[in-house]
Amino acid sequence: MIITNKEEALGAVQADGMSLADCSPDLQADCDVVLAAVSQDGSALQYASTELRNDREVVLAAINKDVHALQDASEALRNDREVVLAAVRQSVSALYYASDELR
C-alpha cells in the first residue's frame, strides 16, 4: 500500500526511515518527509527524489546517520569536497562512494 498522506508518512518514516519506499513520489520529493526518513535511517536516501538526493542538507543528514548513504547522493554531491569530508570523517570507507576526482 502506497502512503499518500503527509502526516501518515511522517509517522511511518520517523518509526522506520525505510518506510520512505512505501510513500508516493510526491512524498519522496517532500523535504520534510525525506529529512525525517534519512534522520532515522540514512540509507532511506535511496528512495528520495532525484532533486532531494542533490540537496546538501538532506544528504548531510543521511550521511550523519549512515556514511554509506553517500552512494545514493547526486553525482554533484559525491564530487563536493565538504560532503565527502563529512562522510570520510566518520569512516574512511565512505571514500569508495566519492567521485573519481576526489578519491
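The values are calculated or read from the model by the stated rules, or taken from the named source; none is laboratory data. Everything numeric here is computed off the predicted structure, so don't read it as measured data. Cβ: placed from backbone, ideal geometry, glycine included. Neighbour counts: every protein chain shown. These accessible areas exclude ligands, DNA and RNA; they are computed on the full protein's heavy atoms, side chains included. Shrake-Rupley method; radii C 1.70, N 1.55, O 1.52, S 1.80 Å.
List the residue pairs whose Cβ atoms are under 6 Å apart, where the first residue sits in the range 53-73 and is farther than 14 Å from Tyr96 by Cβ, the second is open to solvent by less than 10 Å² (accessible area, probe 1.4 Å) and part of a loop (DSSP other than H, G, I, E, B), and the two are 6 or more positions apart or on different chains. Going by the 6 Å Cβ cut-off, the qualifying pairs are Arg53/Ala73; Val59/Ala73. Taken over the range 44-70, the criterion of being within 13 Å of Ala87 (Cα to Cα) and either at pLDDT below 95 or among the small types (Gly, Ala, Ser) (or both) is satisfied by Ala61, Ala62, Ala69.
Before we move on, is Ala12 closer than 29 Å to Met1 by Cβ, free of Cβ contacts under 8 Å to residues at least 12 places away in the same chain and in contact with a helix residue (DSSP H, G or I) (Cβ under 6 Å, 6 or more places away or on another chain)?
Working: closer than 29 Å to Met1 by Cβ: yes; free of Cβ contacts under 8 Å to residues at least 12 places away in the same chain: yes; in contact with a helix residue (DSSP H, G or I) (Cβ under 6 Å, 6 or more places away or on another chain): yes.
In short, yes.
In the range 94-103, which residue that is in contact with a helix residue (DSSP H, G or I) (Cβ under 7 Å, 6 or more places away or on another chain) and not aromatic (Phe, Trp, Tyr) is most open to solvent (accessible area, probe 1.4 Å)? Of everything passing the filter in the range 94-103, Arg103 is most open to solvent (accessible area, probe 1.4 Å).
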